[in-house]
Amino acid sequence: MSLKKVTVLATIKAKQGLEETVKNEIQALIGPTRAEPGCLNYDLHQSCDDKALFMLYENWVSKEDLDKHLAMPYLQAFLGKAPDLVAEPVQIALWEML
(Lines give C-alpha, C1' and ligand atoms only; values in the text may rest on other atoms or scores of the structure.)
Protein backbone atom coordinates (compact mmCIF):
# COMPACT_ATOMS: atom_id res chain seq x y z
CA MET A 1 0.00 0.00 0.00
CA SER A 2 1.46 3.35 -0.96
CA LEU A 3 0.72 6.31 1.26
CA LYS A 4 -0.02 9.65 -0.32
CA LYS A 5 0.72 12.77 1.66
CA VAL A 6 -2.31 14.98 2.11
CA THR A 7 -2.28 18.76 2.58
CA VAL A 8 -5.08 20.55 4.39
CA LEU A 9 -6.05 24.20 4.14
CA ALA A 10 -8.61 25.01 6.83
CA THR A 11 -10.12 28.49 6.95
CA ILE A 12 -11.80 29.82 10.06
CA LYS A 13 -13.54 33.21 10.33
CA ALA A 14 -14.09 34.45 13.87
CA LYS A 15 -17.24 36.29 14.86
CA GLN A 16 -16.69 40.02 15.33
CA GLY A 17 -15.12 40.67 18.73
CA LEU A 18 -14.07 37.04 19.21
CA GLU A 19 -10.84 37.14 17.19
CA GLU A 20 -8.55 36.69 20.22
CA THR A 21 -10.74 33.91 21.66
CA VAL A 22 -10.68 32.00 18.38
CA LYS A 23 -6.93 32.51 18.02
CA ASN A 24 -6.35 31.16 21.55
CA GLU A 25 -8.65 28.17 20.96
CA ILE A 26 -6.82 27.23 17.75
CA GLN A 27 -3.38 27.80 19.29
CA ALA A 28 -4.33 25.31 22.03
CA LEU A 29 -4.70 22.64 19.30
CA ILE A 30 -1.20 23.11 17.89
CA GLY A 31 0.88 21.27 20.52
CA PRO A 32 -1.26 18.12 20.75
CA THR A 33 -1.76 18.00 16.98
CA ARG A 34 1.95 18.31 16.19
CA ALA A 35 2.59 15.39 18.56
CA GLU A 36 0.22 13.11 16.64
CA PRO A 37 1.73 10.34 14.51
CA GLY A 38 1.56 11.33 10.86
CA CYS A 39 1.52 15.10 11.42
CA LEU A 40 4.25 16.65 9.30
CA ASN A 41 3.28 20.25 10.08
CA TYR A 42 0.34 22.16 11.56
CA ASP A 43 0.80 25.88 11.08
CA LEU A 44 -1.62 28.65 12.04
CA HIS A 45 -1.80 31.88 10.02
CA GLN A 46 -3.83 35.07 10.50
CA SER A 47 -4.82 37.26 7.56
CA CYS A 48 -2.96 40.56 7.27
CA ASP A 49 -6.09 42.18 5.81
CA ASP A 50 -8.78 40.66 8.05
CA LYS A 51 -7.75 39.81 11.62
CA ALA A 52 -10.90 37.66 11.99
CA LEU A 53 -9.65 35.25 9.30
CA PHE A 54 -7.40 32.33 10.26
CA MET A 55 -5.90 29.60 8.12
CA LEU A 56 -4.35 26.31 9.16
CA TYR A 57 -1.81 24.84 6.75
CA GLU A 58 -1.34 21.16 7.55
CA ASN A 59 0.54 18.26 6.00
CA TRP A 60 -0.15 14.65 6.94
CA VAL A 61 1.66 11.45 5.98
CA SER A 62 -1.66 9.96 4.84
CA LYS A 63 -5.42 10.51 4.75
CA GLU A 64 -5.67 7.82 7.44
CA ASP A 65 -3.52 9.95 9.79
CA LEU A 66 -5.69 12.99 9.03
CA ASP A 67 -8.85 10.98 9.75
CA LYS A 68 -7.41 9.96 13.14
CA HIS A 69 -6.66 13.64 13.84
CA LEU A 70 -10.21 14.67 12.98
CA ALA A 71 -11.51 12.17 15.56
CA MET A 72 -9.27 13.44 18.39
CA PRO A 73 -11.25 14.60 21.45
CA TYR A 74 -9.56 18.02 21.58
CA LEU A 75 -10.40 18.72 17.94
CA GLN A 76 -13.98 17.50 18.40
CA ALA A 77 -14.26 19.79 21.45
CA PHE A 78 -13.13 22.78 19.35
CA LEU A 79 -15.56 21.90 16.55
CA GLY A 80 -18.31 21.64 19.16
CA LYS A 81 -17.59 25.22 20.31
CA ALA A 82 -17.16 26.55 16.78
CA PRO A 83 -20.80 27.56 16.15
CA ASP A 84 -20.55 30.04 19.04
CA LEU A 85 -17.18 31.40 17.89
CA VAL A 86 -17.14 31.47 14.10
CA ALA A 87 -19.02 33.66 11.64
CA GLU A 88 -19.36 30.90 9.04
CA PRO A 89 -18.74 27.15 8.86
CA VAL A 90 -15.09 26.08 9.05
CA GLN A 91 -13.86 25.47 5.49
CA ILE A 92 -11.62 22.43 5.02
CA ALA A 93 -9.99 21.68 1.67
CA LEU A 94 -7.80 18.64 1.03
CA TRP A 95 -4.95 18.91 -1.46
CA GLU A 96 -2.55 16.42 -2.99
CA MET A 97 0.89 17.42 -4.23
CA LEU A 98 1.48 16.64 -7.91
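Annotations
- For region 1-24, a residue qualifies if it is in contact with a Phe, Trp or Tyr (Cβ under 8 Å, 6 or more places away or on another chain) and in contact (Cβ under 8 Å) with a residue 60 or more places away in the chain, and the qualifying residues are K5, V6, T7, V8, L9, T11, I12, K13, A14, V22.
- Hits in region 1-35 - residues which are surrounded by 15 or more Cβ atoms within 10 Å (Cβ to Cβ), out of contact with any helix residue (DSSP H, G or I) (no Cβ under 8 Å at 6 or more places or on another chain) and within 15 Å of I92 (Cβ to Cβ): T7, A10, T11, K13
- The residue of region 36-81 that is least open to solvent (accessible area, probe 1.4 Å), among those that are over 16 Å from T7 (Cβ atoms) and part of a strand (DSSP E or B), is F54.
- Test result for L94, of a type in the set (A, V, I, L, M), exposed (fewer than 15 other Cβ atoms within 10 Å of the Cβ) and either free of Cβ contacts under 8 Å to residues at least 60 places away in the same chain or not in a helix (DSSP H, G or I) (or both): yes
- Residue match in region 64-80 (condition: touching a helix residue (DSSP H, G or I) at 6+ places or on another chain (Cβ under 9 Å), of a type in the set (S, T, Y) and farther than 20 Å from L98 by Cα): yes
The values are calculated or read from the model by the stated rules, or taken from the named source; none is laboratory data. Just so it is clear, the structure is predicted and the values come from calculations on it, not from any experiment. Glycine also receives a Cβ, built like all others from the backbone with ideal geometry; neighbour counts cover every protein chain displayed. All accessible areas refer to the heavy atoms of the entire protein, side chains included, with ligands and DNA or RNA removed. Shrake-Rupley method; radii C 1.70, N 1.55, O 1.52, S 1.80 Å.
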